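J.: Can you keep this structure in mind? I'll have questions shortly.
The values are calculated or read from the model by the stated rules, or taken from the named source; none is laboratory data. This structure is a prediction, so every number in the text was calculated from the model and none was measured. The protein model used for the area step is the full one, side chains on, heavy atoms only, and it has no ligands, DNA or RNA in it. Shrake-Rupley method; radii C 1.70, N 1.55, O 1.52, S 1.80 Å.
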Amino acid sequence: MRLSVDPASGRVRLTIPKRGSARAALAWAEEKRGWIEVQRARLPAAIPFVDGAELPFGDERLTIVWREAARRTPVREDRALVVGGPADRLGARVESWLKREALRLLDADTRAIAGAAGIAISGVAIGDPRSRWGSCTATGAIRYSWRLVLAPEFVRRGVVAHEVAHRLHMDHSPAFHAAVARLLGEDPAPSMAWLRRHGAGLHWYGRSSS
């Protein structure tokens, strides 16, 4: 039996052997309640998109500013992201803006890196997966987590180079890793290390603190 706590969602997972007893497993998990609480206490804090909240945006930080009379579509004013309209839709409007910006930036990064190497890309899209930051199909369609817009720019570009390299090698062979470094123009290890250390925290932006 195995217990784990997902750092991106906070969900507790209990894995039971194929012929194991569910009743015994649940009893065992109950005995581990103290361990579960300790692990959950270590999870990143939820950071809802509310007036006054700060959020990373590439290499910058933006502060959400709500002004009821302002435009409902968020507008950047230096380091402020000004949003208007009813307060109860503030979070949804901020998230929609971040997704649009993520698609714009990731599309531009992808086409720049792929274009410089003469690699064809059929399309770029975004989603909100929990277990991966990007994926690439054999037809050249690349899909990213929109939350990469919250990561430093070198991290975002590292993921882009990783996915574009899959147009050359649909595996994780030495040739693939060499291609990632060549496309990125630098060692991709720091970007991957950043995601391993801080990536789970990106999934807690936009969540309710309750």
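J.: Name the residues whose placed amide hydrogens come within less than 5 Å of the amide hydrogen of Arg72, ignoring near sequence neighbours (fewer than 5 apart) on the same chain.
T.: The list, which skips near neighbours in sequence, is Gly84.
J.: Using DSSP H assignments, which helices in the chain have an axial alpha-carbon span of 24 Å or above and a mean Kyte-Doolittle hydropathy of -0.5 or higher?
T.: Long hydrophobic helices here: 90-116.
J.: Under 8 Å for C-alpha pairs, at least 6 residues apart: give me the relative contact order for region 8-117, rounded to a whole percent.
T.: Computed value for region 8-117: 15 percent relative contact order.
J.: Let me ask something additional. For Cα pairs less than 8 Å apart in space and 6+ apart in sequence, what is the mean separation divided by the residue count of region 79-193, i.e. the relative contact order in percent?
T.: Once divided by the residue count of region 79-193, the mean separation gives 22 percent.
J.: Can you list the residues, at least 5 places off or on another chain, whose amide H is less than 5 Å from the amide H of Leu62, using H built in the peptide plane?
T.: Answer set, sorted by chain and number: Leu55, Phe57.
J.: For region 56-114, with equal point scatterers placed on the C-alpha atoms only and solvent neglected, what are the log10 I(q)/I(0) values from the Debye formula at q = 0.16, 0.20, 0.22, 0.23 1/Å, to two decimals?
T.: -0.53, -0.75, -0.85, -0.90
J.: Let me ask something else about it. For all pairs of alpha-carbon atoms in the chain, what percent lies in each bin of width 10 Å, listed from the first bin to the last filled one?
T.: Pair shares across the bins are 8, 28, 27, 23, 13, 2, 0.
J.: Also, I was wondering about something else. Radius of gyration and Dmax for region 3-63's Cα atoms, expressed in Å?
T.: In order Rg, Dmax, the Cα atoms of region 3-63 give 17.6, 52 Å.
J.: How large are Rg and Dmax for region 17-126 when calculated on the C-alpha trace, in angstrom?
T.: Spelled out, the Cα radius of gyration and Dmax of region 17-126 are 21.9, 61 Å.
J.: Let me ask something else about it. For the chain, give the percent of accessible area contributed by carbon and sulfur heavy atoms, probe 1.4 Å, rounded to a whole number.
T.: About 51 percent, which is the carbon plus sulfur part of the accessible surface.
J.: I would also like to ask the following. Could you work out how far the C-alpha centroid of region 103-141 sits from that of region 146-168, in angstrom?
T.: So the separation of the two Cα centres works out to 8 Å.
J.: Something else: Counting each DSSP H run of 4 or more residues in the chain as -39500 (n - 2.57), what helix-only mean residue ellipticity at 222 nm follows after dividing by all residues, to the nearest 500 deg cm²/dmol?
T.: Theoretical 222 nm ellipticity from helices: -13000 deg cm²/dmol.
J.: In addition: Amide H to amide H under 5 Å from Ala151: which residues, 5+ apart in sequence or cross-chain, H placed 1.01 Å off N in plane?
T.: Under 5 Å from the amide H of Ala151 lie the amide H atoms of Gly58, each far enough along the sequence or on another chain.
J.: Here is a follow-up. Each residue of region 125-130 in order: what ³J(HN,Hα) in whole Hz does its phi give by Karplus 6.51 cos²θ - 1.76 cosθ + 1.60, θ = phi - 60°, with x for Gly and Pro?
T.: Karplus values, whole Hz, x for Gly and Pro: 9, 10, x, 9, x, 8.
J.: Hey, if you drop one equal point scatterer on each alpha-carbon of region 107-147 and run the Debye formula without solvent, what base-10 log of I(q)/I(0) do you get at q = 0.22, 0.23, 0.34 Å⁻¹?
T.: Taken in order of the listed q values, log10 I(q)/I(0) reads -0.70, -0.75, -1.18.
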